[in-house]
Amino acid sequence: MKRTELFTKTLREAPAEEVAKNAQLLIRAGFVHKEMAGVYAYMPLGLRVLENIKRIVREEMNAAGGQEVMMTTLQPRDIWEKTDRWDDRKVDNWFKTKLANGTELGVGLTHEEPVVDAVSNYASSYRDLPFAVYQIQNKFRNELRAKSGLLRGREFVMKDLYSFSRNQEEHMRVYERYVKAYFSVYDRLGLGDITYRTYADGGIFTPRFSDEFQVVSPVGEDTIYVDEVKRIAINKEIFTDENLEKLGLKREELVEKRGIEAGNTFHLESKYTDALGVYYTDENGERRSYVMGCYGIGVSRLVGVIAEHFSDERGLVWPESIAPFMIYLASIGEVHDDAQKLYTLLRGKGIEVLWDDRDVRPGEKFADCDLMGIPHRVVVSPKTIDLNKFEYKHRTGNSAELLTLETLLARLDAS
RNA sequence: CGGGGAGUGGCGCAGUCCGGUAGCGCACGCGGUUUGGGACCGCGGGGUCGCAGGUUCGAAUCCUGUCUCCCCGACCA
């Protein structure tokens, strides 16, 4: 894409109302637009990042056997009453609305009930099991207080997956498979080293712990205790001697840290299927309860987490796996034809290039390139043309170097 | 929802205490000089000062109400 075709602009200063680093940088660089508290719209660059994260999540969920669906945002009241989750005193962050005839509707905040309801039309035999469905969709939660930029919003993009198994043993195999898939996701996002599987409260309907995937960060909302050798952690909310013993953790081996919950997985047992009267038939023709699991990843929250973590005093520093563009091509001086040639050549190789073809001074191009966090910067100028080379610099590098076309392409291939 | 702070062109701010017809920087438009780390000069467009009442000859400024935003807390992916 050419910079002159991109309608968004960069700002020198962030809006005063934004304090969170992730929101400040994303707004300054033109990635997101704040619609209201806790509600952000994605502009072209931000959408590219969001879609890249979705792609990675999708690939890993598919690889683990998940089948993608898309449930609805509008929710009928009856199925939620069956599981006792309609009442505002039970679930206090519903957004609700009405049909013209007065019928009350819910605006989806999670999808256990509708997924169970939909699945019951198709799967009813042990032969169908196990299976899992997932979706990547906007969720709406009426949080009392939105904060921390993209980290806690009222409308956000979430991947939610629901597994259905025959029994506990099968469920645990499936469960661990998705836990593994989660780490593949975090690894590919560059967060693997600072993400800990964290034991947390499992909820009212299971004696078991749930797992949270906590990204260590000073701005995290959760306090966790990390065993850095075993690479697991325990959330402060269940930090008791009894639980430590149960989990085989020793108080003296744990380090207190702050974490951002970037995902979680729960054992749902048969709570929702039983409540909705949905069962399967086993090989003996007997009616049996499903064993369910649910698995969430805050996709839009990850945009904020990564912006927060991968940034420096000059701006964002996207990992290549999700960067909006791979290369920032800055043309300096009267070099349009040469820049065009390189632009076409790189795009022909399937490389995403943002060509800054504006008639502005070099410093402004470099500053924007750094602020936007594009991994590779290539400069075409009269000087580089005279030498028959290109100037190359990595976002995290200290200095630029002059490379021939072949070396440049090899450098990009290697990364 | 409790406590604290703040709403003035798209963004950052001054002006509010002490009422007199709105200003600066960035961004935007035109002209010119510039051109390797956010250049400079000149000219120009854009704001019913969050909203609604009230006081006053006169309100961004004083009074009342209301909406919104941010921070801390409680709650939560």
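The values are calculated or read from the model by the stated rules, or taken from the named source; none is laboratory data. These figures come from a predicted structure and were not determined experimentally. So basically every Cβ, Gly included, is an ideal-geometry build from the backbone, and we count neighbours across all protein chains shown. These area figures cover heavy atoms from the full protein model, side chains too; ligands, DNA and RNA do not enter into them. Shrake-Rupley method; radii C 1.70, N 1.55, O 1.52, S 1.80 Å.
The condition of being closer than 29 Å to A:Asn93 by Cβ, more than 14 Å from the chain's Cα centre (by Cα) and either of a type in the set (A, V, I, L, M, F, W, C) or surrounded by 22 or more Cβ atoms within 10 Å (Cβ to Cβ) (or both) holds for only one of A:Leu11, A:Leu50, A:Leu25, that being A:Leu25. Once segment A:141-172 is narrowed to residues that are of a type in the set (Lys, Arg) and within 11 Å of RNA strand B (Cβ to nearest atom), the residue that is farthest from A:Glu51 (Cα to Cα) is A:Arg145.
Of all residues in segment A:391-415, those that are in contact (Cβ under 8 Å) with a residue 60 or more places away in the chain have Cβ atoms under 8 Å from Cβ atoms of residues that are assigned to a loop (DSSP other than H, G, I, E, B) and open to solvent by 80 Å² or more (accessible area, probe 1.4 Å), 6 or more apart or on another chain, in A:Leu409/A:Lys349. Within segment A:28-47, the residues that satisfy the criterion of being buried (at least 20 other Cβ atoms within 10 Å of the Cβ), of a type in the set (A, V, I, L, M, F, W, C) and more than 13 Å from RNA strand B (Cβ to nearest atom) are A:Phe31, A:Leu45. Restricting attention to segment A:1-30, which residues are in a loop (DSSP other than H, G, I, E, B), of a type outside the set (Gly, Ala, Ser) and in contact with a strand residue (DSSP E or B) (Cβ under 7 Å, 6 or more places away or on another chain)? Passing the criteria: only A:Met1.
On inspection, A:Leu409 does not qualify as over 24 Å from A:Phe7 (Cα atoms), assigned to a strand (DSSP E or B) and not charged (D, E, K, R). Criterion applied to A:Tyr186, A:Tyr175 was being closer than 29 Å to A:Gly304 by Cα, within 16 Å of RNA strand B (Cβ to nearest atom) and hydroxyl-bearing (Ser, Thr, Tyr), and the one residue passing it is A:Tyr186. Of the residues making up segment A:313-328, those that are within 11 Å of RNA strand B (Cβ to nearest atom) and either in contact (Cβ under 8 Å) with a residue 60 or more places away in the chain or touching an Asp or Glu at 6+ places or on another chain (Cβ under 8 Å) (or both) are A:Arg314, A:Gly315, A:Tyr328. Kindly indicate whether A:Glu60 is of a type in the set (D, E, K, R), out of contact with any His (no Cβ under 7 Å at 6 or more places or on another chain), crowded, with 17+ Cβ neighbours inside 10 Å and in contact (Cβ under 8 Å) with a residue 24 or more places away in the chain. Yes, satisfied.
Restricting attention to segment A:329-348, does a residue exist that is within 32 Å of the chain's Cα centre (by Cα), within 13 Å of RNA strand B (Cβ to nearest atom) and touching a residue at least 40 places away in the same chain (Cβ under 8 Å)? Scanning segment A:329-348 turns up at least one residue that is within 32 Å of the chain's Cα centre (by Cα), within 13 Å of RNA strand B (Cβ to nearest atom) and touching a residue at least 40 places away in the same chain (Cβ under 8 Å). May I ask you to verify whether A:Ser300 is over 28 Å from the mean Cα position of the chain (by Cα), at pLDDT 95 or above and not hydrophobic (A, V, I, L, M, F, W, C)? Against the criterion (over 28 Å from the mean Cα position of the chain (by Cα), at pLDDT 95 or above and not hydrophobic (A, V, I, L, M, F, W, C)), A:Ser300 does not qualify.
Considered as a group, the residues in segment A:366-389 that are in a helix (DSSP H, G or I), under 18 Å from A:Glu401 (Cβ atoms) and open to solvent by less than 10 Å² (accessible area, probe 1.4 Å) include one that is nearest to RNA strand B (Cβ to nearest atom), and that residue is A:Thr384. Among the residues of segment A:244-276, the ones that are closer than 19 Å to A:Ala118 by Cβ and either open to solvent by 50 Å² or more (accessible area, probe 1.4 Å) or not in a loop (DSSP other than H, G, I, E, B) (or both) come to 6 in all.
The set of residues in segment A:115-155 being out of contact with any Phe, Trp or Tyr (no Cβ under 8 Å at 6 or more places or on another chain), more than 30 Å from A:Glu221 (Cα to Cα) and either among the polar types (S, T, N, Q) or open to solvent by less than 60 Å² (accessible area, probe 1.4 Å) (or both) consists of A:Ala118, A:Ser120, A:Asn121.
Among the residues of segment A:289-308 satisfying the criterion of being part of a strand (DSSP E or B) and within 13 Å of RNA strand B (Cβ to nearest atom), which is farthest from A:Val185 (Cα to Cα)? Per the stated criteria, the residue is A:Cys294.
When restricted to residues that are in contact with a Pro (Cβ under 7 Å, 6 or more places away or on another chain) and of a type outside the set (A, V, I, L, M, F, W, C), segment A:154-195 contains 5. Which residues, taken from segment A:77-114, are closer than 25 Å to A:Gln67 by Cβ and open to solvent by 30 Å² or more (accessible area, probe 1.4 Å)? A:Lys82, A:Arg85 - these are the residues of segment A:77-114 that are closer than 25 Å to A:Gln67 by Cβ and open to solvent by 30 Å² or more (accessible area, probe 1.4 Å).
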